[in-house]
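Below is one structure, written out as structure tokens; comments come after it.
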Amino acid sequence: MIRPPSEARSYLLQITYGCSWNKCTFCPAYLDKPFKIRPIAEIKQDILLAKEAYPDVRRVFLCDGDGLVLSTDRLLPILDLLNVSFPHLNRIGVYFNARNILSKSDEEIQRFVQRKLTVGYIGLESGSEQVLEKVHKGATPQELIEAVLKAQKNGMKISVIGLL
């Protein structure tokens, strides 16, 4: 599992394995981890176990590489269970990519935010279309900008990752 430094004290909840894109030439993080969405029963079991062990959880980070690849129908019950299980929960964070957020409606994103999924992390890597194509990022600079603006417009705080 890889999490942003700002999520150091968060409860890490594995909802997927790997990255659904997994084609970026610069990222070895998930090369040996085939993408898979975890079964909902396993995720619920993890939450219930964590509730008993760590009842004062204030932050949750949804792992792995792009949790917003889950359908809204699949993600909302997870968010609901987190909120019920952890009454002191302040926020939920997640990695996402441009394709994930652009595929969601404004209403869907607002429903996530209402359930405290309020922090998103996205890798922009570069503002150069040539660089993004060369590294197989899977999104154009314009799509990346649109993704960030869409998330922000609907109430999410965004942390942008760039490579130098």
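The values are calculated or read from the model by the stated rules, or taken from the named source; none is laboratory data. Here the structure is a predicted model, which means the values were calculated and not measured. Here Cβ is always computed from backbone atoms with ideal geometry, including for glycine, and neighbour counts include all displayed protein chains.
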The stretch 98-113 residues that are closer than 19 Å to Leu144 by Cα, paired with ones that are among the β-branched types (Val, Ile, Thr) and part of a helix (DSSP H, G or I) (beta carbon under 6 Å, 6 or more apart): Asn100/Val69; Glu108/Thr72
The stretch 115-137, subset in a loop (DSSP other than H, G, I, E, B) and without any contact (Cβ under 8 Å) to a residue 24 or more places away in the chain, residue nearest to Ser71 (Cα to Cα): Gly127
Filter pass, Leu124 being modelled with pLDDT under 95 and among the aliphatic types (A, V, I, L, M): yes
In the stretch 51-106, the residues that are crowded, with 21+ Cβ neighbours inside 10 Å and among the acidic types (Asp, Glu): Asp64, Asp66
Residue match in the stretch 91-114 (condition: in a loop (DSSP other than H, G, I, E, B), touching a strand residue (DSSP E or B) at 6+ places or on another chain (Cβ under 9 Å) and closer than 29 Å to Phe26 by Cβ): yes
Subset of the stretch 7-17 (residues that are touching a strand residue (DSSP E or B) at 6+ places or on another chain (Cβ under 7 Å) and outside any strand (DSSP E or B)): Glu7, Arg9, Ser10, Ile15
Output for the stretch 19-32, where each listed residue is among the charged types (D, E, K, R) and under 18 Å from Asn100 (Cβ atoms): Lys23
Tally of residues being part of a helix (DSSP H, G or I), farther than 19 Å from Glu107 by Cβ and touching an Asp or Glu at 6+ places or on another chain (Cβ under 8 Å) across the stretch 138-162: 1
Test: Glu108 is among the charged types (D, E, K, R) and closer than 23 Å to Gly18 by Cα: no
